[in-house]
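To keep things clear, I will list the structure first and then write my remarks on it.
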Amino acid sequence: FMGFETMKSPTIKLHRHSSFIQWVLVCQFLFLRHVSCLASPIDSHRIRVISTNKNGGAAKILTFDENGSVKSSEDAKIHARTLGVIGAVLPALRSGLRSTFLPSGYPSKIPDGYLRYVAWSWVQDLSTQVRCVLATQRILEGVGVGRSGATALSAMLNFIVRDGCGMAATLIFTASAASRFQSNVKKWKLFADIMVDIGITLEVAAAQVPQNLFLPMICVGNACKAMCGVAGGAVGGPINLYWAAKGTDISEISAKFGAQQTVTASLGLVFAAIFAKSISTFDPKKVWILYTCLTVLHIIANMRCMRIIAFDTLNNGRLEMLFQQFWHQYNTQSATKDIQLFTPGEVASRESLFFLPKFGDVNHITFGVPFNDVVDLTATSDIVQDQTHWLVASELRGWVGRKGQQVKVALHAKATPRQNIEAYFDALLVAAQTNKSPNGEKSAASVDHKAAWAAFCAASRKVGWDLDQSNIRSRGYEIVFDDKGSETT
């Protein structure tokens with residue numbers, strides 16, 4: 001028995017020794033394999049070229065080795081095969097939705113806030129769709145649908161008169177306001193939304209007034225909606241251009257907005273059908289409360305949309321806001337200290353979105369006046385023909401107790417957009433002469449206009465303002481000096 005144990009012991013030790021040797025060899029093999037992989041010239045110099053489709057299609061992958069030879073070519077979507085049918089369908093579905101509703105290059109080639117803008121646009125479109133169904137229902141009731149004695153001829157005449165008033169309003173409003181839209185895109189967009197709200201409200205209320213007031217109310221309501229169409233269509237171009245500012249095709253931006261509105265309209269029809277069926281049993285007061293809530297939601301959604309858009313060009317309001325900030329710092333700070341101005345995004349969150357009157361001490365600047373308005377108050381011998389603008393200031397004549405400066409600016413026909421901004425800046429400097437200086441600030445009369453303009457340009461460019469484009473509202477007059485000495489405007 002002892003001999004048997006003696007003979008077995010070397011075998012067990014040899015087996016354990018061989019197992020240890022095998023374990024060491026395996027570890028060494030794995031380590032050498034890892035080192036060889038790291039040192040492999042093929043993997044270390046392998047280049048993968050990935051071609052992505054900006055419309056959302058599947059990416060193409062091409063792999064080269066160290067010699068520049070093609071090692072492999074594959075479609076990125078083959079990696080989804082392990083997920084089965086769902087893995088193959090989801091990329092195609094996502095690609096289709098992206099190419100239908102999102103612009104090419106989103107989000108790298110689209111300004112920030114695009115999806116938030118689209119979401120708020122959907123909210124306001126849905127609220128309008130639902131209220132339009134209610135207005136249509138009320139108009140049909142007013143023309144006699146469902147009422148004995150009503151004829152199709154009388155209903156047709158009501159619609160003809162209503163549509164005629166809308167056409168007339170379109171022509172009149174276009175003639176009077178067409179040149180003003182570019183200077184205040186956001187305000188005119190809110191104006192359009194408020195006008196459509198007024199128009200729908202008049203149509204909804206028309207069925208609840210005496211019959212002799214029904215036709216005038218729907219005519220005025222349709223005229224308001226026509227003005228909305230003119231203003232909304234006019235400012236739609238600059239808004240689309242803003243979203244295409246980073247290089248995206250503006251026609252594609254417009255097409256994608258159209259696709260989004262189509263989906264919104266389809267959803268609106270569904271909600272409107274449910275809404276129209278439900279309100280038939282509602283108390284009129286509850287209907288008006290619900291209608292008011294939808295109207296307020298519509299205005300809020302449009303305001304949110306306009307706050308998202310941050311134009312980097314200057315109009316009257318934005319330039320006046322920046323000038324007030326600049327003027328305070330330019331007078332109170334040392335010349336060596338940097339002047340900090342609002343960025344386009346900060347101005348977008350602060351600027352006014354409505355046409356509101358100004359109260360208190362204000363300065364009134366009339367831009368682009370005829371030369372006759374300037375020459376009446378300026379000696380003709382002081383006029384230099386090669387300058388880009390002329391301006392004259394006087395005390396503002398208005399309400400009792402209202403103080404300020406009235407500055408008239410005449411522009412040369414060859415003035416560039418940048419020079420137009422400089423002219424308005426100079427007008428603001430001249431208007432500041434009448435301001436009080438309780439903190440020891442210098443008056444505008446003692447300020448070098450050229451130095452102030454240079455400082456303003458440097459500070460505005462630093463925060464992203466574009467001074468090569470101008471959206472300043474002008475009366476439209478331009479000055480041209482005839483070679484014969486006669487002056488034309």
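A few points about this structure:
- Residue ID - surrounded by the most Cβ atoms within 10 Å (Cβ to Cβ), chosen from residues in the stretch 191-247 that are among the charged types (D, E, K, R) and over 30 Å from residue 154 (Cβ atoms): 193
- Residue match in the stretch 326-338 (condition: free of Cβ contacts under 8 Å to residues at least 24 places away in the same chain and open to solvent by less than 40 Å² (accessible area, probe 1.4 Å)): yes
- Between 209, 204, the distinction of being part of a helix (DSSP H, G or I) and out of contact with any strand residue (DSSP E or B) (no Cβ under 6 Å at 6 or more places or on another chain) belongs to 204 only.
- So residue 297, is it under 21 Å from the mean Cα position of the chain (by Cα), modelled with pLDDT of 80 or more, in a helix (DSSP H, G or I) and not polar (S, T, N, Q): yes
- Test: residue in the stretch 311-330 that is small (Gly, Ala, Ser) and under 26 Å from residue 449 (Cβ atoms): yes
- Residue match in the stretch 108-118 (condition: under 14 Å from residue 271 (Cβ atoms) and modelled with pLDDT of 90 or more): no
- All positions within the stretch 300-325 that are open to solvent by less than 20 Å² (accessible area, probe 1.4 Å), among the aliphatic types (A, V, I, L, M) and outside any helix (DSSP H, G or I): 309, 314
- Qualifying residues in the stretch 107-139 (those that are open to solvent by 70 Å² or more (accessible area, probe 1.4 Å) and among the hydrophobic types (A, V, I, L, M, F, W, C)) - the one farthest from residue 203 (Cα to Cα): 115
- Residues of the stretch 457-477 satisfying the condition of being within 18 Å of residue 246 (Cα to Cα) and aliphatic (A, V, I, L, M): 463, 467
- Residue ID - most open to solvent (accessible area, probe 1.4 Å), chosen from residues in the stretch 148-178 that are among the small types (Gly, Ala, Ser) and at pLDDT below 90: 148
- Candidates in the stretch 100-131 are the residues that are of a type in the set (Lys, Arg) and part of a helix (DSSP H, G or I); of these, the one that is farthest from residue 257 (Cα to Cα) is 131.
- For the stretch 248-283, filtering for residues that are open to solvent by 80 Å² or more (accessible area, probe 1.4 Å) and part of a helix (DSSP H, G or I) leaves 7.
- Among the candidates 431, 444, 393, 423, residue that is surrounded by 14 or more Cβ atoms within 10 Å (Cβ to Cβ) and at pLDDT 90 or above: 423
- Scan the stretch 75-101 for residues that are open to solvent by less than 40 Å² (accessible area, probe 1.4 Å) and either modelled with pLDDT under 70 or over 22 Å from residue 48 (Cβ atoms) (or both) and the total you get is 6.
The values are calculated or read from the model by the stated rules, or taken from the named source; none is laboratory data. The structure presented is a predicted model; accordingly, all values stated were derived computationally and were not measured. Note: ideal-geometry Cβ built from the backbone for every residue, glycine included; neighbour counts use all protein chains shown. We work out accessible area using only protein heavy atoms, side chains counted, and drop any ligands, DNA or RNA first. Shrake-Rupley method; radii C 1.70, N 1.55, O 1.52, S 1.80 Å.
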